Amino acid sequence: MKKKPIDPAHILDTALQLADTCGWERLHLFEVAAALETGLDDIARHYRDKDDLVEAWFDRADLAMLSHARNPDLASLNAEQRLESCLLAWLDSLAAHRAVTGQMLLYKLEPGHIHLQVLGLMRVSRTVQWWREAAGRQTLHLCRIAEETLLSGAYLRSFVHWLRHPDEAPVDFRAYLRRQLRGGPLPLLLQRS
């Protein structure tokens, strides 16, 4: 009898649930396979290593943000409000496994994981690009480059703050995020489109 294929989303969800208990560092793929009553070969068909699970987790957050961009109410907001709303949707999708998400980042930042750090920089760039798209940003050329750079800083500061302050009231975090979006020359760029 042929075994039913394992859904990649189910593998990721199982890994996250296990990591909630043991931590990302202590999570092993053989434990994920055991929890799913399958073999490592079934895991490897979808995920080459633990970092592929991390990428899938952040891909899921990117998709949640892009899905949020369909909200017709976004069109009535100004640029700063659209960016705020979209980043909050991204963070909300990670909230169920916030501690593990932070552990994933620490795992990527370990000194021996230079290859993961390079991939992490590419991930930041990709997420910021999707964030701009979700918020309907239309800046071009030098303005786009400056905006991407400033938004990358705002994104990283806000993300790290969100990870480090899990008990912070949502209204306080929103105020922090707004300060990030209003700091420096970013407001001038946001007025351009």
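Consider the stretch 127-155. How many of its residues are within 17 Å of the chain's Cα centre (by Cα) and open to solvent by 80 Å² or more (accessible area, probe 1.4 Å)?
Of the residues in the stretch 127-155, the ones within 17 Å of the chain's Cα centre (by Cα) are 127-135, 148, 151-155.
Filter once more, so that each one left must be open to solvent by 80 Å² or more (accessible area, probe 1.4 Å): 130, 133.
Selection size over the stretch 127-155: 2.
Which one of these is assigned to a helix (DSSP H, G or I), touching a residue at least 12 places away in the same chain (Cβ under 8 Å) and touching a Pro at 6+ places or on another chain (Cβ under 8 Å): LEU156, LEU150?
When all the criteria are applied, what remains is LEU150.
Taking only pairs six or more apart or across chains, which ones have beta-carbon atoms under 9 Å, a first residue in the stretch 165-178 that is free of Cβ contacts under 8 Å to residues at least 12 places away in the same chain, and a second residue that is open to solvent by less than 60 Å² (accessible area, probe 1.4 Å)?
HIS165/PHE173; HIS165/TYR176; GLU168/HIS161; GLU168/TRP162; GLU168/TYR176; PRO170/LEU88
Can you tell me which residue within the stretch 172-193, out of those that are farther than 20 Å from GLN138 by Cβ and among the aliphatic types (A, V, I, L, M), is surrounded by the most Cβ atoms within 10 Å (Cβ to Cβ)?
It comes out as LEU177.
Tally up the residues in the stretch 174-193 that are under 19 Å from the mean Cα position of the chain (by Cα) and closer than 24 Å to LEU121 by Cα, please.
5
I'd like the full set of residues that are among the aromatic types (Phe, Trp, Tyr) and either in contact with a Lys or Arg (Cβ under 7 Å, 6 or more places away or on another chain) or surrounded by fewer than 15 Cβ atoms within 10 Å (Cβ to Cβ) (or both), limited to the stretch 11-42.
Correct list: PHE30 only.
Any residue that is in contact (Cβ under 8 Å) with a residue 60 or more places away in the chain, β-branched (Val, Ile, Thr) and either more than 25 Å from GLN17 (Cα to Cα) or out of contact with any Pro (no Cβ under 9 Å at 6 or more places or on another chain) (or both) - is there at least one of those in the stretch 137-145?
For the stretch 137-145, residues in contact (Cβ under 8 Å) with a residue 60 or more places away in the chain, β-branched (Val, Ile, Thr) and either more than 25 Å from GLN17 (Cα to Cα) or out of contact with any Pro (no Cβ under 9 Å at 6 or more places or on another chain) (or both): absent.
From the list LEU83, LEU88, LEU94, LEU77, which residue is free of Cβ contacts under 8 Å to residues at least 24 places away in the same chain and aliphatic (A, V, I, L, M)?
LEU77
Considering the stretch 71-121 alone, what residues qualify as being acidic (Asp, Glu) and surrounded by fewer than 18 Cβ atoms within 10 Å (Cβ to Cβ)?
ASP73, GLU80, ASP92, GLU110 - these are the residues of the stretch 71-121 that are acidic (Asp, Glu) and surrounded by fewer than 18 Cβ atoms within 10 Å (Cβ to Cβ).
Could you list, in sequence order, all residues of the stretch 43-53 that are in contact with a helix residue (DSSP H, G or I) (Cβ under 7 Å, 6 or more places away or on another chain) and surrounded by fewer than 18 Cβ atoms within 10 Å (Cβ to Cβ)?
Within the stretch 43-53, HIS46, ASP51 meet the criteria.
The values are calculated or read from the model by the stated rules, or taken from the named source; none is laboratory data. Worth saying up front: this structure is predicted, and the values here are computed from it rather than measured. As a convention, Cβ positions derive from the backbone with ideal geometry for all residues, glycine included, and neighbour counts pool all protein chains shown. Side chains are part of the model used for accessible areas, which takes the heavy atoms of the whole protein and leaves out ligands, DNA and RNA. Shrake-Rupley method; radii C 1.70, N 1.55, O 1.52, S 1.80 Å.
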